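Let me begin by presenting the structure, written as structure tokens, before commenting on it.
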Amino acid sequence: MRLLLLYSTVLRGGFRRYATYRVATVAGVFTNTVFGFILAYTFQALWSERPRLGGYDEAQALTFVWIGQAMLATVALMGGGFEEEFQQRIRTGDVAVDLYRPIDLQLWWLASDLGRAGFHLLGRGVAPMAVGAFAFDLALPSEPSVWAAFAVSVLLAVLVSFAVRYLFALCAFWLLDSHGVSTLSTLLGVFFSGMLLPLTVFPGSFGEAVQQLPWAAMLQVPADVLLGAREGGDVVAGWGFQLGWAAVLFAVGRAVQALAVRRVVVQGG
Amino acid sequence: MGAAAEPFLEVEGLEKVFRIRRRAGRLRRERVEVRAVDGLSFTVPRGEMVGFIGPNGAGKSTTVKMLTGILAPSGGRLRVAGLDPSRERVELTRRIGVVFGQRTTLWWDLPLRDSYRLMRRMYRIPAARYRENLDRCTELLDLGPLLTVPVRQLSLGQRMRADIAAALLHDPEVLYLDEPTIGLDVVSKSAVRRFLADLNSERSTTVLLTTHDLGDIEQLCERVLVIDHGRLMYDGALAGLHEVGESERVLVVDLARELPPISGLDGARTLRTEGPRQWLAFPASASAAPLVGRVAAEYPLVDLSVQEPAIEDVIARMYAGRTG
């Protein structure tokens with residue numbers, strides 16, 4: 001109970017920290033919207049040539065674009081989450097101070113990142129989606145239950161995304177310059193989440209394989225839930241897929257962290 | 001009270017060895033052992049304020065890391081408040097406070113008050129106690145107007161005071177301070193020192209102070225531990241350290257005009273001259289007053305200042321004296 005109180009304070013702090021930077025939020029919304037338009041016109045061209053590509057009709061494909069733009073910041077597909085600060089603290093040795101606190105490092109950053117994701121969902125998600133819905137014919141559901149199922153899936157997507165970014169961030173303990181790793185993380189995230197093209201578009205065994213990777217849990221699964229491409233038992237299976245990856249990656253993150261913390265002193269401070 | 005004699009920090013034959021792999025050719029790597037802490041022993045009773053000094057890389061921060069439990073010793077025995085730090089780290093974190101001059105634990109983007117509320121949750125501080133401690137720190141460290149300011153807007157001195165308060169809200173039994181006055185102006189420095197002195201005398205908080213600033217030690221610590229190469233070089237009063245190291249202070253005098261080097265003063269020798277300014281060295285243990293009096297009487301004195309010996313110089317001299 002008291003632990004919940006602590007981490008909810010951290011979560012609220014995470015939310016408010018990002019809420020402080022209003023200009024950055026407006027700039028982000030603008031960028032998401034512009035990218036949304038570019039991708040939407042590209043998808044329109046593609047789907048008019050190849051209708052039902054990836055199992056979606058044109059309205060669904062366009063909706064996929066705007067779901068992607070709305071979730072881009074929330075699941076931090078292109079970075080911009082807690083990991084930048086965490087890596088910085090590792091590099092400078094400030095992380096040692098965090099270890100002097102009676103907290104769990106992973107849960108601490110998770111709470112902080114959930115707060116950030118909450119803010120990004122509202123601040124960076126709603127506006128691009130509204131613009132998209134205004135400018136294009138989108139296939140958005142009217143049943144509240146589908147939206148509720150989508151909300152659960154978004155939360156799970158943030159958990160998986162956090163766990164992946166936590167692992168990448170821990171690399172900073174071994175690498176003095178982690179820019180390369182961050183770039184790799186962004187590339188993998190953008191491609192394998194379905195951000196560029198829905199994963200169902202890819203043919204054959206490659207298409208099947210990419211849908212089993214953790215990045216699929218960050219956008220493809222929640223998008224399919226909202227689009228109605230997953231219904232009933234498939235929704236639950238999608239949640240299970242997300243939860244499974246979250247659990248595995250959390251466990252790996254903890255193990256790597258235990259190894260990494262032993263290195264703290266080597267970085268000095 | 002019998003408990004006073006009971007050691008609060010107990011360090012016995014403490015060792016920390018790092019194995020580092022170093023390049024030894026194009027592909028070959030060799031393992032090198034670095035003994036960062038090499039058989040360190042000392043005890044500190046509850047309520048004592050101890051200066052912990054030594055050159056960079058002497059093993060100070062490695063020792064502090066072992067005392068706080070984030071690093072496990074390679075050998076020796078270690079107890080803080082009866083706990084084994086590396087085994088009981090989380091239990092220990094609730095009873096210690098840590099301030100690193102160069103690092104902050106505060107939330108950068110949010111008002112200072114938010115970080116303190118977080119500390120309250122983190123350490124489960126009862127509401128009444130929290131308010132009392134916060135009020136006290138706010139008053140003594142002059143934080144009142146800062147509580148609503150985002151941390152990123154604080155000056156270095158303000159941030160340092162804010163960090164010290166953050167480390168004390170949960171009434172730690174022992175406080176580890178690493179360079180708490182680094183980069184601070186004279187006013188902030190003296191505010192921080194006064195606060196620490198009060199804390200130690202009123203709450204009998206045990207304090208271990210790591211610093212390069214001799215002024216911190218002089219004004220706060222009765223006892224000094226000097227370590228170098230991971231070993232204890234000296235344990236005793238600061239004055240004794242000067243004697244052991246035969247250190248010197250320097251009197252800088254500005255005369256009315258350029259004169260030949262001042263000579264014939266007992267116990268002082270002229271180090272150098274530059275126009276009307278001259279540098280006179282005299283033993284750190286001696287008072288500057290008689291020397292100043294004689295210079296003023298015999299020379300056209302315009303201005304003067306006294307330079308304290310740097311701690312590194314004292315230690316270097318002491319080290320040279322022992323081995324040489």
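Considering the convex hull of the alpha carbon atoms of the protein assembly as shown, report its projected area averaged over all viewing directions, in nm², one decimal.
Working: hull surface 147.5 nm².
One quarter of the hull surface, i.e. the mean projection, equals 36.9 nm².
Our coupling estimate for region B:283-296, obtained by passing each phi through the Karplus curve with A = 6.51, B = -1.76, C = 1.60 and θ = phi - 60°, is x, 5, 7, 8, 7, 7, 4, x, 5, 4, x, 5, 4, 5 Hz, Gly and Pro reported as x. Note on region A:2-267: Cα Rg divided by 2.2 N^0.38 Å, N the number of residues, gives 1.02. To the nearest ten degrees, helix A:105-120 and the longest principal axis of the Cα atoms of chain A are 40 degrees apart. GNM on chain A, C-alpha springs below 10 Å: top fluctuator among A:Ser178, A:Ser205, A:Ser153? For chain A, modelled as a Gaussian network with Cα springs under 10 Å, the answer is A:Ser205. With all pairs of separate Cα atoms included, region B:65-141 yields a Kirkwood hydrodynamic radius of 14.6 Å. The separation of region B:155-228 from region A:121-152, counted between C-alpha centres, amounts to 54 Å. Under 20 Å from a label point set 7 Å out along the Cα-to-Cβ vector of B:Phe18, the amide N atoms of region B:66-96 belong to B:66-76, B:86. With neighbours defined as other Cβ atoms within 10 Å of a residue's Cβ, the residues A:Thr25, B:Thr63, B:Thr93 order from fewest to most as A:Thr25, B:Thr93, B:Thr63. Only DSSP H runs of four or more residues enter the estimate; each adds -39500 (n - 2.57), and after division by the residues of chain B the mean residue ellipticity at 222 nm equals -10000 deg cm²/dmol.
Beta bridges from DSSP with both residues in the protein assembly as shown: antiparallel share about 70 percent, rounded to the nearest 5. Counting 0.36 nm for each residue step from B:Leu156 to B:Arg29 and taking away their Cα separation leaves a gain of 41.5 nm. In straight-distance terms, cross-link reach from B:Lys16 covers every one of the lysines whose alpha-carbon lies under 16 Å from its own, apart from those fewer than eight places away in the same chain; here that gives B:Lys60, B:Lys65. Calculated [222 nm] ellipticity per residue, helices only, for chain A: -23000 deg cm²/dmol; basis is -39500 (n - 2.57) per DSSP H run with n ≥ 4, divided by all residues, nearest 500. Each of A:Met218, B:Met160 was scored by other Cβ atoms within 10 Å of its Cβ. Arranged with the fewest first, they read B:Met160, A:Met218. Sorted ascending by nearby beta carbons within 10 Å, beginning with the fewest, A:Val29, B:Val174 become A:Val29, B:Val174. Evaluated on region B:52-101, the Kirkwood hydrodynamic radius is 11.5 Å, with distances taken between all distinct Cα atoms.
Restricting the trypsin sites (Lys or Arg not before Pro) of region A:1-60 to loop positions (DSSP other than H, G, I, E, B) with no more than 12 neighbouring Cβ atoms within 10 Å leaves A:Arg52. Partner shielding of B:70-79 amounts to 2, given as the average count of beta-carbon atoms from other chains within 10 Å of each residue beta-carbon.
For chain B, the share of DSSP beta bridges that are antiparallel, to the nearest 5, is 70%. In angstrom, the C-alpha Rg and Dmax of chain B are 23.1, 71.
Residues within the reach of a label modelled at B:Val186 (point 7 angstrom out along Cα to beta-carbon, backbone nitrogen below 19 Å), restricted to region B:271-302, are B:288-289, B:302.
Read the figures in this text as sums done on the coordinates, not as results from a lab. All of these numbers come straight from a predicted model, not from anything done at the bench. Counting neighbours? That spans all protein chains shown, and the Cβs are built from the backbone with ideal geometry, glycine included.
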